[in-house]
Amino acid sequence: MERKKRPDEGSVESLQRLSDDDYWGCASKGFDFSEEWSSSAENSKLSSLSLTMRKNDDLNQFDLLRCDGLNEIAENKSSSEELWASHILTVEEEKQAQKLAKSFNPLEFHLKEKLERKTLTAAQTIGNIVLGLDYNLKPFKAKEQKLELLKAAVDSHDGNAILVVVIFLKNTLKKSIFQRELGNFPDAVNMYLSYLNEDHEVDELTNMMLLLNKPEDAAMLKYDAAIMTQAPDRKLKLLENCLNTHFQVGSVHRFLRESVLEHKTCIEDQLVLEDHRISSEVNDDVTAKFFEELTGKKELLDSSVMSNLIFCLLYFYNVPKIAFISPSNIRSRYNLSQKQYTWCALRTLAATNKWAEIEELFLSKNWLRTVKMRSCIGFVRVLEILAKRGAPPEVMKKYISCLESQDSKLFYAKKYKCHSVVIEILKKNRDRLGLIEYKATLPPHSVDFCTATTILNNEPVNWRN
């Protein structure tokens, strides 16, 4: 058999047949002395190419994690087309991203996908609101659809769902249509009014009250907003506007209008009284402390009518009665009763220890021109106030003597330690044993002790015991 030749053997034989000159001039060389150098050059090119590719891979991976990776990739790209092409996801990559999101939260992904595919009904949308799920109110564009949505919210009896739908209707319907249609759902109206009240939207709340035929409630809302203002001048302007717009005769009760008008007058008087106080000489700290003690207020502004009266009693008690700042003018200006005036005057004058002025307060003349002590609040209350302020015994004696029964006089004389009055009453009652017992309670060698001893020993009294 003939032995087959290997391929390299033929090439060797052919090379042998060539001459030396032809061999070195041939293109197919068997060996090259510069092969080691060429191989190293090619390796260096390959290594630099692989390094560039690794850098680009790192940049691409980093860009997937950061939104601003475009800026860093742009420094390594030569053209904008290559930059945008590196960020375009293929269809397969998008599908993989959706699968990955679905695997993390399958229920949320399913609900979002279902919500995007079809529009929910009004009842289903309200159900999602009640359950705290995603919902979309944009598909409800027609007026009938929105009213159906509101009816479904009211039927659910969920306050949050009702409020969400009401605000949606407010933002998408004409104001007049919104107010008219909302009035057909009382539960929705109550929720909306509560929302406006908590959000302090006074104007909208007032308009809703007027729409519901509640003018008094609307007027009181405006009044409350006016009195919350701190600046007195601004408050007076708001009260004047409130009186002219919401407290007209016929729209609200007469008593409400008169009360607001009196409040406005009170603030105006307080400003005048403060100006007179500043210009007067009576401006000490003691009087200011008395005013705070009696009224509980450090300043006259934003206080009551009775505070105005106490202020005048403290600072302007001795001015003529016809003067604007006199207590008598304040009493007549606000139609204060005799009891109101007497009570305030007694407390104020007793705090400043004006005992003579207190006595004048209770003096009255009858039709025979006879002067007599009278009190519309009762002398028992007068004694309590005077004792609290530390009135002297001779002052207390005058008002104890004004009591009607002897038993009351004896009781309060003992209570407030008016010894001379007790001794006179016991002597008048011919109660010898009572006088002896009371004498034992008196300090020895005192004036009252000596008076009781003299009555028991020397004066001829027909004693009962």
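The values are calculated or read from the model by the stated rules, or taken from the named source; none is laboratory data. Bear in mind the structure is a predicted one, so any value in this text is a computation, not a measurement. Note: ideal-geometry Cβ built from the backbone for every residue, glycine included; neighbour counts use all protein chains shown. Heads up: the accessible areas ignore ligands, DNA and RNA and are worked out on the full protein's heavy atoms, side chains in. Shrake-Rupley method; radii C 1.70, N 1.55, O 1.52, S 1.80 Å.
If each residue of separation counts as 0.36 nm, what is the full-extension length gain between A142 and R254 once their alpha-carbon separation is subtracted?
Working it through step by step, the gained length comes to 35.7 nm.
Taking the Cα-to-Cβ direction at V461 and at N207 and moving 7 Å from each Cα, how far apart do the two end points lie in nm?
8.5
Kindly rank 184-190, 132-138, 377-383, 204-210 from highest to lowest mean number of other beta carbons found within 10 Å of each residue.
204-210, 377-383, 184-190, 132-138
Please find the FRET efficiency linking C376 to I167, where r is the Cβ-Cβ separation and R0 is fixed at 60 Å, and quote it to the nearest 0.05.
Using R0 = 60 Å, I get an efficiency of 0.55.
Give me the net charge of S251's neighbourhood, meaning all other residues with Cβ under 13 Å from the Cβ of S251; Lys, Arg count +1, Asp, Glu -1.
Within the 13 Å Cβ shell, the charges total +2.
Hey, got the dipole for region 114-245? About the Cα centre, +1 on K and R Cβ, -1 on D and E Cβ, debye to the nearest 20?
Dipole size: approximately 620 debye.
Mind ordering 444-454, 340-350, 299-309 by average Cβ neighbours within 10 Å, highest first?
Final packing ranking: 340-350, 299-309, 444-454.
What is the Cα centroid distance between region 243-306 and region 420-465, reported in whole angstrom?
54
Tell me, what is the 1.4 Å probe accessible area of I167, in Å² to the nearest 10?
Rounded to the nearest 10, that gives 50 Å².
Grab the Cα-Cα distance for D199 and D134, subtract it from 0.36 nm times how many residues apart they are, and report the gain in nm with one decimal.
Separation in residues times 0.36 nm, less the Cα-Cα distance, equals 20.8 nm.
What is the percent carbon and sulfur in the accessible area of region 388-462, measuring with a 1.4 Å probe over the protein chains and ignoring ligands?
53
Under 16 Å from a point placed 7 Å out from the Cα of K289 along the Cα-to-Cβ direction: which residues of region 380-400 have their backbone N that close?
389-390
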